[in-house]
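**Student:** First the structure, which I've put down as structure tokens, then a few questions once you've had a look.
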Amino acid sequence: MEFQTKIKQLGERIKSLKESTETEEATKSAFVMPFVQALGYDVFNPNEVIPEYTADIGTKKGEKVDYAVLQNNEPIIIIECKHWGDRLTLHGTQLQRYFHVTNAHFAILTNGIQYKFYSDLEKENKMDVKPFFQFDFENIKESSINELLKFQK
């Protein structure tokens, strides 16, 4: 199936399921995991995607980012998820901490509907404050889908 079609179908799925998706965990299962799969990653293969990836910070142990997408056993993308109804503006600092202690090149903050993509364009190994790209399943644009293609496996 063509990538564009997968993304549009996932958008329809999200629209139809969001009101019955009551928890963050349900948001991950119903929206985020299918998104990662649409990008071509096997969410059921721990050599590709690790849920609850350890991102310990200094003396603070047990810190975990929701997902790490791996390449050659190293995280290339980390993903922090929130409930679909949460505003993402409240959770950026948490993702910044995780980004700093991993070797990931990209970080995504999502509520399963909106996806904010971050990197370290301003200062190496320090996540930028502002996302360089945003994708919204409630406002899908062709140009945004083309940008998502860059994140495919």
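**Student:** 222 nm [θ] for the chain, helices only, -39500 (n - 2.57) per DSSP H run of 4+, per residue, to 500?
**Tutor:** Roughly -7500 deg cm²/dmol at 222 nm, from the helical runs in the chain.
**Student:** What's the ranking of 17-24, 106-113, 79-86 by average number of surrounding C-beta atoms within 10 Å, highest first?
**Tutor:** Ranked by mean Cβ neighbours within 10 Å, highest first: 106-113, 79-86, 17-24.
**Student:** What number comes out for accessible area per residue over region 57-153 if the probe is 1.4 Å? Units Å², please.
**Tutor:** 54
**Student:** Now for a separate question. Placing one identical point scatterer on every Cα of region 71-153 and ignoring solvent, what is log10 I(q)/I(0) from the Debye formula at q = 0.14 Å⁻¹?
**Tutor:** So the normalised log intensities work out to -0.46.
**Student:** Of (i) 9.0; (ii) 19.8; (iii) 15.7, which is the value of mean projected area of the Cα convex hull in nm² derived from the coordinates here?
**Tutor:** (i)
**Student:** What nm distance separates the two modelled labels at E25 and F3, each placed 7 Å from Cα along Cα→Cβ?
**Tutor:** Computed distance between label sites E25 and F3 equals 3.3 nm.
**Student:** Then there is this: Stretch T93-L17 to full length: gain in nm at 0.36 nm per residue minus the Cα-Cα span?
**Tutor:** 24.5 nm
**Student:** Okay, next question. Note the angle between two axes, namely the Cα long axis of helix 92-101 and the longest principal axis of the Cα atoms of the chain, as a number of degrees from 0 to 90, rounded to the nearest 10.
**Tutor:** Its long axis makes an angle of about 50 degrees.
**Student:** Given the chain, what percent of its DSSP beta bridges are antiparallel, to the nearest 5?
**Tutor:** Antiparallel: roughly 80 percent of the beta bridges in the chain.
**Student:** Helix 3-17 versus the longest principal axis of the chain: what is the Cα-based angle in degrees, 0 to 90, to the nearest 10?
**Tutor:** Here the helix axis deviates by roughly 80 degrees.
**Student:** Here is a follow-up. Considering only E74, E142, E12, give the residue with the highest GNM mean-square fluctuation for the chain, with springs between Cα atoms whenever their separation is below 10 Å.
**Tutor:** Between E74, E142, E12, it is E142 that shows the largest mean-square fluctuation.
**Student:** Now for a separate question. Beyond 32 Å between alpha-carbons counts as too far, so tell me which of K8/K64; K8/K123; K15/K126 fall in that bin.
**Tutor:** With Cα atoms farther than 32 Å apart: K8/K123; K15/K126.
The values are calculated or read from the model by the stated rules, or taken from the named source; none is laboratory data. Predicted, not measured: the structure shown is a model, and the values here were computed from it. So basically every Cβ, Gly included, is an ideal-geometry build from the backbone, and we count neighbours across all protein chains shown. Ligands, DNA and RNA are excluded from the accessible area calculation, which covers all protein heavy atoms including side chains. Shrake-Rupley method; radii C 1.70, N 1.55, O 1.52, S 1.80 Å.
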